[in-house]
């Protein structure tokens, strides 16, 4: 069975894969679920909506009739589309019904392999326009408020991306959502290439050539998203050109939500289950708010006013760990013999992209806020994969099968290196524990750390020149001590240090034991 070693985004071997090389077949990075949003974004401003109605020659008193007529025509167009395809159009009386389950049941029952499965209609909440009276002016005004209207769901087996759907709001401002699945898409790509694989739910326990599958996954974000989405709109919503004509409004496409998963494929479920409880324990006990922020590309600072929450939930399939940073999250869970690390991005403004300003696309580039726009899809993939890489690298510290005493014996005794004696480390002493915790932070996992960076965290505020020299010498001695115990190593031709494979294992084990809550760990293992 051909396997391909995985490398992190910086080109170095993935530490987690290296540690578990005997138990895993490969790792697969790519989109899980992706929800694209198409909006006539200028119509979300009431003053622009006023101008739109003027251009369409629609008076306020005729607005309801005008909008109701469009809704009726949109419905009839969908009905005609379903009839032409020989597929049903079904009205659902409750928005709580799972349209996806109903669609999959229909596809399985009718053996749909390509084309429309069904169109579902359902009244659901949305932001839409109402005419409201203004008591101060005594005039009618358009208000964009929460309300309900009919939504149409077009489920189909797309020839390229597989099972997916388009959701259309049938009242102003006609919002569209397109939901697809990267793993479903990959299955189509592998099928066309004749690549053998085994699928379980939304994952792949086995792929004949993981490297080729990864190249397929890497090609997905390079899709011409506006062209892909607009083709679906022309098919499911033929009135869109007429609706946008008064102001020449095209749909603006954004990624409303993305789930980017890194799947580590273990050779069998037993191999994963042997290590998974320890990974859960480590993720819960060792990763605080600072580590979670670093995993998700944020630098902890006193100005941060958000919220970092970690929770553990027991699902039917097993235990899931979720670290949430404001509206974005990082999850760890098992899917049979697949270990999945997954970044869910709802608010890309937490991240940065190197680009020109939107108003001057040919101007100078700088680090700016990552947009929802599909134009920044490539960068969204980069930061999501990097977060998963950092997380898995930090989890590489977990060792299974060796007792803590065997791991700690060496560092808790004095060592001699190059004829010089170095004292034993005491992880239960505050000074040594603080040093071990500092060098083991997730932020150093990929690029390492320097003397200066440790000084800035060991001492608050800059000191005088003499103080900085003494601090630098003190950190140099600490680094020599850790190096003598084999916990860190020098990066060749740089001033950086990295924690060794042994160091990650030993430090994490010692710190976990130092902070362990026996009752909580026992409950998690149950």
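Using Cα atoms only, what is the angle between the long axis of helix 225-236 and the major principal axis of the chain, expressed in degrees (0 to 90) to the nearest 10?
It works out to around 30 degrees.
When a footprinting reagent is the concern and you count Cβ atoms within 10 Å, what order do 329, 258 take, fewest first?
In increasing order of surrounding Cβ atoms, one gets 329, 258.
Give the relative contact order (percent, whole number) for the range 226-366; include only Cα pairs under 8 Å separated by 6+ residues.
It rounds to 23 percent for the range 226-366.
Of 197, 60, how do they rank once you tally other Cβ atoms within 10 Å and put the fewest first?
By the 10 Å Cβ count, ascending, the order reads 60, 197.
How big is the chain in terms of Cα radius of gyration and Dmax, in angstroms?
Spelled out, the Cα radius of gyration and Dmax of the chain are 27.7, 93 Å.
Please state the relative contact order of the chain as a whole percent: Cα pairs under 8 Å, 6+ residues apart?
15 percent.
Run lengths n ≥ 4 of DSSP H only: what is the helix-derived mean residue ellipticity at 222 nm for the chain, with -39500 (n - 2.57) per run over all residues, to the nearest 500? Don't skip to the end; give the middle numbers.
Working: 17 runs with 198 residues, N = 526.
Estimated from H runs of four or more residues: -11500 deg cm²/dmol.
Is the C-alpha gyration tensor of the range 156-219 telling us rounded, prolate or oblate? Criteria: a/c under 1.5 is rounded; beyond that, a/b larger than b/c is prolate, otherwise oblate.
Judged from the Cα gyration tensor, the range 156-219 comes out prolate (a/c at least 1.5, a/b above b/c).
What is the distance in Å between the Cα centroid of the range 220-267 and that of the range 432-467?
Here the answer is 45 Å between Cα centres.
If we count other beta carbons within 10 Å of each Cβ, what is the order of 494, 290, 393, fewest first?
So the ranking, lowest neighbour count to highest, is 494, 290, 393.
With only alpha-carbon atoms in the gyration tensor, what are the semi-axes of the equivalent ellipsoid for the range 20-87, in Å, largest first?
They are 45, 22, 7 Å, listed from largest to smallest.
In degrees, nearest 10, range 0 to 90: what is the angle between the Cα axis of helix 430-439 and the longest Cα principal axis of the chain?
50
What is the spin-label model distance, in nm, from residue 94 to residue 212 if the labels are put 7 Å beyond Cα along the C-beta direction?
4.6
Where does helix 63-85 land angle-wise versus the long Cα axis of the chain, in degrees 0 to 90, nearest 10?
Once rounded, the angle reads 80 degrees.
Read the figures in this text as sums done on the coordinates, not as results from a lab. A quick note: this is a predicted structure, and the numbers were derived from the prediction, not measured. When we count neighbours, we look across all protein chains shown, and the Cβ atoms used for this are built from the backbone with ideal geometry, even at glycine.
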